[in-house]
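The values are calculated or read from the model by the stated rules, or taken from the named source; none is laboratory data. Because the structure is a prediction, the values reported are computed rather than measured. Ideal geometry is used to build each Cβ from the backbone, glycine not excepted, and the neighbour counts take in all protein chains shown. Ligands, DNA and RNA are stripped out before the accessible areas are found, and what is left, the full protein with its side chains, is counted by its heavy atoms. Shrake-Rupley method; radii C 1.70, N 1.55, O 1.52, S 1.80 Å.
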Amino acid sequence: MKNNIYQFLSNLKYRTGALALIDPDSKNDKKLDDIIEKANLPEFDAILVGGSSLDDNKYHHRIKKIKNSTSKPVILFPGSSNQINKNVDAIFYLSLISGRNPKYLIEEHIKSSKSIHKLDIETIPVGYILIDGDKISAVEKISNTIPINSSEVDKIVSHALAGQYLGHKFIFLESGSGAKKSAGSNLIKILKNYLDIPLIVGGGIKTFDDVKNIKDSSPNFIVIGNLLESDESIINIKEMLQLIHE
Ligand code: 1GP
């Protein structure tokens, strides 16, 4: 198995990279072309595809369409083992380490491992930490796990370090899609001081100010999802992304 996407992400020339997240679910069926156009902005370094649930059987078809419409790396960001498919360059092999639900700590991985082996897809182990974003998120509901309160900094640091020591290649600090409150720059700075592995931050990042605040703490990647589904103009999104890469 090749290790190209991990190498690609590790060797980016920017202090902070930008990842587009596309949810290939039925809710985005009609706007998929528009979302892909935004995700194809040159300022995005790679595209994540995935979501918490599969609402119809066209999910894999939409992932194929995304893959065929971009030259960027496409990385699966799966909500479950059912989302594994061959039209991606790599998989973020997520373990929901903030939760205590065995399904998302190891069971889904066991379900998917043989398919991944057969498809020979690169896996990138990611320690996924859900913190509260002032709104009950889809991840919280579906995983049936409780987010860590974002003020519990020590607890979040302990989880992130445990994730690193377990061999995860990235830590993903997640406030939940559409979060009202994205991760604070102070928390990101503290985590960055502790971690030797790169930190990805996502959830609720939708304004210029959100980007500015988070960017100051230099996470390795910022994920933008919901904003691509909104009416925000492509010009404004481009400006935000330029700020991420500055
Ligand atoms: C969700 O972190 C991602 O898993 C992106 O969040 O959709 O709020 O940008 P948004």
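Observations on the model:
- Screening Ser158 against (1) surrounded by fewer than 19 Cβ atoms within 10 Å (Cβ to Cβ); (2) in contact with a Pro (Cβ under 7 Å, 6 or more places away or on another chain) leaves a single unmet condition, (2).
- The residue that is most open to solvent (accessible area, probe 1.4 Å), counting only those in the stretch 191-212 that are more than 16 Å from the ligand (Cβ to nearest atom) and closer than 20 Å to Leu94 by Cβ, is Asp196.
For (1) farther than 16 Å from Asn144 by Cβ; (2) within 15 Å of the ligand (Cβ to nearest atom); (3) open to solvent by 10 Å² or more (accessible area, probe 1.4 Å), each residue gets a yes or a no:
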{"residue": "Asp56", "(1), (2), (3)": "yes, no, yes"}
{"residue": "Ile63", "(1), (2), (3)": "yes, no, no"}
{"residue": "Ser69", "(1), (2), (3)": "yes, no, yes"}
{"residue": "Tyr93", "(1), (2), (3)": "yes, no, yes"}
{"residue": "Asn101", "(1), (2), (3)": "no, no, yes"}
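- Residue within the stretch 182-191 that is in contact with an Asp or Glu (Cβ under 7 Å, 6 or more places away or on another chain) and not in a helix (DSSP H, G or I) present: yes
- Taking the listed residues Glu43, Glu37, Glu108, the one that is in a helix (DSSP H, G or I), open to solvent by 10 Å² or more (accessible area, probe 1.4 Å) and either touching a residue at least 40 places away in the same chain (Cβ under 8 Å) or closer than 26 Å to Ser217 by Cβ (or both) is Glu37, with no other qualifying.
- Residue tally, condition assigned to a loop (DSSP other than H, G, I, E, B) and closer than 15 Å to Leu199 by Cα, over the stretch 4-31: 5
- Taking the criterion of being aliphatic (A, V, I, L, M) and outside any helix (DSSP H, G or I), the residues of the stretch 212-246 that qualify are Ile222, Val223, Ile224.
- One residue alone among Asn28, Asn11, Asn4 is open to solvent by 70 Å² or more (accessible area, probe 1.4 Å), in contact (Cβ under 8 Å) with a residue 40 or more places away in the chain and of a type in the set (S, T, N, Q), and that residue is Asn4.
- Candidates in the stretch 223-242 are the residues that are within 11 Å of the ligand (Cβ to nearest atom) and of a type in the set (Gly, Ala, Ser); of these, the one that is surrounded by the most Cβ atoms within 10 Å (Cβ to Cβ) is Gly225.
- Listed conditions (1) assigned to a helix (DSSP H, G or I); (2) among the hydroxyl-bearing types (Ser, Thr, Tyr); (3) free of Cβ contacts under 8 Å to residues at least 12 places away in the same chain are all met by Ser71, apart from (1).
- Ser217 within 10 Å of the ligand (Cβ to nearest atom), of a type outside the set (A, V, I, L, M, F, W, C), on the phi < 0 side of the Ramachandran plot and more than 17 Å from the chain's Cα centre (by Cα): no
- Subset of the stretch 10-26 that is touching a strand residue (DSSP E or B) at 6+ places or on another chain (Cβ under 7 Å) and of a type outside the set (Gly, Ala, Ser) - its residue that is nearest to Lys118 (Cα to Cα): Pro24
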